[in-house]
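The values are calculated or read from the model by the stated rules, or taken from the named source; none is laboratory data. These numbers were taken from a predicted model, which means no experiment stands behind them. Positions of Cβ are generated from backbone atoms using ideal geometry, with glycine treated the same way; all protein chains shown enter the neighbour counts.
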Amino acid sequence: MDWDKLRTFHAAAATGSLTAAAERVGLSQSAVSRQIAALEDGLGVPLFHRHARGLILTGPGKVLQQSTGQMATIASVAESNLKDARDRPQGELLITAPIGFGATWLAPRLGGFLDAYPDVTLRLLLDDRELDLTTLEAECAVRLWQATHADLIQRKLFSVKTSLYATHEYIAKNGAPKTVAELDGHRIIAYGARASDEMKVLDFALALGRDGQKPREASLSINNVSALVTSVAAGLGIGGLPDYLAILEPKLQKILPDFPGPDLDVFFIYPADLRKSKRIAAFRQYLIEQAASWQK
């Protein structure tokens, strides 16, 4: 089978859209449609149900997607390893990080790496979703939680502290709680976490001091850490925030400092398939040095 047609099929299966698939593989929409039709004709089975809302895989399409997914991963790993075939690190390095951490801690520190390795270009994907490193949606990640996949290698960089915060104006208007029990009388702004969301630890204000009791109800929940900080800084209520973000907002002050929240451990993570990558080794060492300097 023609790999170009399989690659086009895989893009369409992943996006569920001819338009999005065309953008991903760099073809026109009509060319994508023709390649998929030719693949279906050659196999003798339909691969998609075509609906107004997009493309839906048929049974044979789902079977083929499993194979093309493996092929795409192998191709991506080969392409990544080829970037490291020369003596010095060079080529693009694709990094992912959560939006808040990536924008405030990671991005401002990348200049030194670019100075040291002028032949490496960095592409930073800020996303609170966990991009799949095993399929090389990104080549490495800086995350505030541990990896659980067996095929990933990780190195802890440092820990981030969390605390309760509110604005001076909110405190002047509503008073500062002197005990954790007094949080019951305040508006709590929480991180809108799903049960599987690693950042759900920022909801600690809801359960603080309520051992064995039903947690407090959040007045507002937001599933984005940067927006959570902005909302608390706007005086909407009390929220559990990472200290490294809260210190950037001069309006905020700590509430109940004797009751800090849980630490968030920051990890550098990359696929085992790229363990010999010169680009990743150089970037890992740079982050280790930056973390050590930041903690002094």
Please give the number of the condition SER277 fails out of (1) within 22 Å of the chain's Cα centre (by Cα); (2) of a type in the set (Gly, Ala, Ser); (3) outside the structural domain of GLU137 (by TED's automatic domain parsing). (3)
Subset of region 193-248 [surrounded by 18 or more Cβ atoms within 10 Å (Cβ to Cβ), in a loop (DSSP other than H, G, I, E, B) and either on the phi > 0 side of the Ramachandran plot or not hydrophobic (A, V, I, L, M, F, W, C) (or both)]: ARG216, GLY235, GLY237
Of all residues being touching a Lys or Arg at 6+ places or on another chain (Cβ under 6 Å) and in contact (Cβ under 8 Å) with a residue 60 or more places away in the chain in region 212-255, which is nearest to VAL160 (Cα to Cα)? Just the residue, please. ASP243
Looking at region 249-282, which of the residues that are in contact with a strand residue (DSSP E or B) (Cβ under 6 Å, 6 or more places away or on another chain) and assigned to a helix (DSSP H, G or I) is nearest to ALA233 (Cα to Cα)? ILE280
Any hit, region 104-124, residues being surrounded by 16 or more Cβ atoms within 10 Å (Cβ to Cβ), in a loop (DSSP other than H, G, I, E, B) and modelled with pLDDT under 90: no
So THR148 ticks every box in (1) closer than 30 Å to GLN66 by Cβ; (2) not assigned by TED's automatic domain parsing to the domain that holds ILE288 but one. Which box is left unticked? (2)
First in region 199-211 and of a type in the set (Lys, Arg), second anywhere and buried (at least 19 other Cβ atoms within 10 Å of the Cβ) and in a helix (DSSP H, G or I), Cβ under 9 Å, 6 or more apart: ARG210/LEU183
Residue hits (region 1-57; touching a residue at least 12 places away in the same chain (Cβ under 8 Å), hydrophobic (A, V, I, L, M, F, W, C) and in a loop (DSSP other than H, G, I, E, B)) are MET1, LEU27, VAL45, LEU47
Qualifying residue in region 66-84 (condition: in a helix (DSSP H, G or I) and at pLDDT 80 or above): yes
Looking at (1) of a type in the set (S, T, N, Q); (2) in contact with a Pro (Cβ under 8 Å, 6 or more places away or on another chain); (3) part of a strand (DSSP E or B); (4) over 23 Å from ASP263 (Cα atoms), can you tell me which one SER163 breaks? (4)
